[in-house]
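K.L.:
Dropping the structure in here first, questions after.
Each value in this text was obtained by applying a stated rule to the coordinates, not by laboratory testing. What you see is a predicted model; the values in this text were computed from it and never measured. With ideal geometry, Cβ positions are generated from the backbone for all residues, glycine too; neighbour counts draw on all protein chains shown.
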Ligand SMILES: Cc1cc2nc3c(=O)[nH]c(=O)nc-3n(C[C@H](O)[C@H](O)[C@H](O)COP(=O)(O)O)c2cc1C
């Protein structure tokens, strides 16, 4: 297996309850985000945007999101779970995309490009001894949409919970190429 396929195939969702407490610095998150810069992007709109919540701001947003989720869902355990995940993470990266103001490409292409940027980041976590996963829970997305200062046309796609961990990637079932490919030769 070549190095690229190895990195792609070993990428896994690592959940916050598997994180250890080892520190990730702002500089290390910046290094992680370098991978986003090289995602493909139609018309070079570079739509991906990230708000990085760390330290005190992570704690304060965790409290705000917990309250919002509890009020919204009437399920205190959901608010508690979200706060716990934020507390267990060294950083929470809010993933959003910025619609091109000139609308030169369809909106789905901006979302696709942002997802590719996230994939680059996700793969890069492995090289930096980090792990995490993309979470799209609607109440948390709504809470952050209200609480962060977003630019006009900017929309949140979820949160990337980031931490360090000591786990070997688990195996995951996946379809074979011939199950998702139609060959016209
Ligand atoms: C766009 C997107 C949204 C996701 N949202 C969630 C989520 O809200 N909650 C969750 O537990 N996992 C979420 N995941 C992670 C998937 O559950 C995970 O990728 C899947 O189980 C496959 O496992 P693997 O990433 O370890 O290969 C999301 C993944 C993607 C690509």
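K.L.:
Decide, for region 25-105, between rounded, prolate and oblate: order the square roots of the alpha carbon gyration tensor eigenvalues as a ≥ b ≥ c, take rounded if a/c falls under 1.5, and otherwise choose prolate if a/b is larger than b/c, else oblate.
P.N.:
Oblate, since a/c reaches 1.5 and b/c is not below a/b.
K.L.:
Round to the nearest 0.05 the FRET efficiency obtained for residue 13 and residue 166 when R0 = 22 Å and r is the Cβ-Cβ distance.
P.N.:
0.85
K.L.:
Determine the shape class of region 14-167: with a ≥ b ≥ c the square roots of the Cα gyration tensor eigenvalues, call it rounded for a/c under 1.5, and otherwise prolate if a/b is greater than b/c, oblate otherwise.
P.N.:
It comes out oblate by the Cα gyration axes.
K.L.:
While we're on this one: Rounded to the nearest 500, what is the 222 nm mean residue ellipticity of the chain from helices alone, with -39500 (n - 2.57) per DSSP H run of 4+ residues and division by all residues?
P.N.:
-14000 deg cm²/dmol
K.L.:
Order these peptides, 173-181, 155-163, by their mean beta-carbon neighbour count within 10 angstrom, highest first.
P.N.:
Top of the packing list down: 155-163, 173-181.
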